[in-house]
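**Student:** Would you mind keeping the following structure in view while I ask a few things?
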Amino acid sequence: MPWDTQDYPSSLKNLDTAVKKKAIDIANSMIDEGYDEGQAIPIATEQAKKWYDNASEHERNQVMQMSDEDLRKRDENSQDSRPELLEKGEHVIPHENGWAVKTQDAKQVSNVYHKKNEAVKRAQEIAENKQTTVIIHKKDGSIQERINKS
């Protein structure tokens, strides 16, 4: 699939070039991590806009210099996107702001929810997309339940 400046979602067409390239880069990464396109596109667009507002001129220029090959390489060069996480289960864990969804061995959580059932629902969506397992933890960190989505 990977998108580039020649082939990208139509919702990105009116964005500034730097924002569009950053959104494409973020969306490609999210797809690699198991998000579906319907979720990746709006999240990537919003993150790219925020990035642009806070990026230095140097950072903006770096993104402007990205070629279509650079944007697509994530799927072709799996080391950049941590494809090993695609085979890992999704954990629902206690978080200071409620409940978090975190892929096993990931460096950070992907989502945080106030309610546990919302986190479980999101973890199940990701796990189903990746054909992996959901591991639901109790407040004390012990495992409450495992759900196989493969």
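The values are calculated or read from the model by the stated rules, or taken from the named source; none is laboratory data. These figures come from a predicted structure and were not determined experimentally. Glycine gets a Cβ as well: all are built from the backbone with ideal geometry, and neighbour counts include every protein chain shown. With ligands, DNA and RNA removed, areas are computed over all heavy atoms of the protein, side chains included. Shrake-Rupley method; radii C 1.70, N 1.55, O 1.52, S 1.80 Å.
**Student:** Give the aspartates and glutamates whose C-alpha is closer than 18 Å to that of Lys138, dropping any in the same chain fewer than 8 places away, or say none.
**Tutor:** Glu90, Glu96, Glu118
**Student:** Gap in Å between the Cα centre of region 1-61 and the Cα centre of region 96-146?
**Tutor:** 25
**Student:** Now for a separate question. Considering only protein heavy atoms, what is the solvent-accessible area of Ile135 at a probe of 1.4 Å, reported in Å² to the nearest 10?
**Tutor:** Result for Ile135: roughly 10 Å² accessible.
**Student:** Still on this structure, I have one more. What does the convex hull of the Cα atoms come to per residue for the chain, in Å³? Show your work: numbers first, answer last.
**Tutor:** Values: hull volume 18.2 nm³, N = 150.
Per-residue hull volume (Cα only) is 121 Å³.
**Student:** Any lysines with Cα under 20 Å of the Lys107 Cα? List them, leaving off those in the same chain fewer than 8 positions away.
**Tutor:** Lys88, Lys130
**Student:** Would you mind computing, in nm to one decimal, how far apart the modelled labels at Asn54 and Gln104 are, each placed 7 Å from Cα along Cα→Cβ?
**Tutor:** 3.2
**Student:** Please list, by residue number, every one of the GluC sites (Glu not before Pro) in region 84-150 that is coil in DSSP and has at most 14 other beta-carbon atoms within 10 Å. Mind showing how you got there, number by number?
**Tutor:** Details: sites: Glu84, Glu87, Glu90, Glu96, Glu118, Glu125, Glu128, Glu145; in loops: Glu96.
Passing sites in region 84-150 are Glu96.
**Student:** Tell me, what ³J(HN,Hα) does each residue in region 137-150 have, in order and in whole Hz, if you take phi through Karplus 6.51 cos²θ - 1.76 cosθ + 1.60 with θ = phi - 60° and put x for Gly and Pro?
**Tutor:** Each residue's phi maps through the Karplus curve to give 9, 7, 4, 7, x, 6, 7, 8, 7, 10, 10, 8, 10, 8 Hz.
**Student:** Right, something else. Which residue, Thr133, Thr17, Thr45, tops the fluctuation ranking in a GNM of the chain built on C-alpha contacts under 10 Å?
**Tutor:** The residue with the greatest mean-square fluctuation here is Thr17.
**Student:** May I ask you to give the percent of accessible area on the chain that is carbon plus sulfur, with a probe radius of 1.4 Å?
**Tutor:** On the way: 3670 of 8810 Å².
C and S atoms contribute 42 percent here.
**Student:** Quick one: plug the Kirkwood hydrodynamic radius of region 27-72 (C-alpha pairs) into Stokes-Einstein at 20 °C, 1.002 mPa s, and report D in µm²/s.
**Tutor:** Values: Rh = 11.6 Å.
Result for D is 185 µm²/s.
**Student:** Probe of 1.4 angstrom, ligands and nucleic acids ignored: what's the accessible area per residue over the chain, in square angstrom?
**Tutor:** Ligands and nucleic acids excluded, the result is 59 Å² per residue.
**Student:** Further question: Just to check I understand the Karplus step: with θ = phi - 60° and J = 6.51 cos²θ - 1.76 cosθ + 1.60, what whole-Hz values come out for region 49-57, glycine and proline as x?
**Tutor:** 5, 5, 4, 4, 5, 9, 6, 6, 4
**Student:** What do you get for trypsin sites (Lys or Arg not before Pro) in region 1-42 restricted to DSSP loop and a cutoff of at most 13 other Cβ within 10 Å of the site's Cβ? List each step's numbers first, then the result.
**Tutor:** On the way: sites: Lys13, Lys20, Lys21, Lys22; in loops: Lys13.
Those satisfying the criteria are Lys13.
**Student:** Then there is this: Between Asn111 and residues 5 or more places away or on another chain, which pairs have amide H atoms under 5 Å apart, with H built 1.01 Å from N, and which residues are they?
**Tutor:** Val101
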